[in-house]
Amino acid sequence: METDAFFVGQALAGDERAFACLVEKYRSDIFALCLAKVKNPQDAEELTQDTFARAYSKLSQLKDGRKFFQ
């Protein structure tokens with residue numbers, strides 16, 4: 001099983017499927033956190049998407065790929 005660091009490295013190399021694997025792995029956790037804060041599923045879904053969009057745009061700033069979800 002590949003690690004988060006592997007997927008981050010692959011995503012930085014241009015493999016969009018690698019980032020999709022990270023999204024799939026953490027989507028439910030991020031959604032649950034957002035839902036706990038906003039108490040509205042539609043808003044939580046939007047925040048979840050925004051979170052991953054921001055994570056993707058800042059992926060190159062991540063110093064340690066093992067800490068993608070910390």
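The values are calculated or read from the model by the stated rules, or taken from the named source; none is laboratory data. Predicted model only: the values in this text are computed from it and were never measured. Note that each Cβ is placed from the backbone with ideal geometry, even for glycine, and that neighbours are counted across all protein chains shown. Just the protein is used for accessible areas: all its heavy atoms, side chains included, with ligands, DNA and RNA removed. Shrake-Rupley method; radii C 1.70, N 1.55, O 1.52, S 1.80 Å.
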request  = May I ask you to verify whether ALA18 is free of Cβ contacts under 8 Å to residues at least 40 places away in the same chain and surrounded by 14 or more Cβ atoms within 10 Å (Cβ to Cβ)?
outcome  = yes
ask   = Is it true that some residue in segment 41-63 is outside any helix (DSSP H, G or I) and touching a residue at least 40 places away in the same chain (Cβ under 8 Å)?
value = yes
request  = Look at ASP43 and say whether it is of a type in the set (Asp, Glu) and modelled with pLDDT of 95 or more.
outcome  = yes
key: Hits in segment 28-58 (condition: out of contact with any helix residue (DSSP H, G or I) (no Cβ under 6 Å at 6 or more places or on another chain) and open to solvent by less than 90 Å² (accessible area, probe 1.4 Å))   = SER28, ASP29, ALA32, ALA36, ASN40, PRO41, ASP43, GLU45, ASP50, ALA53, ALA55, SER57
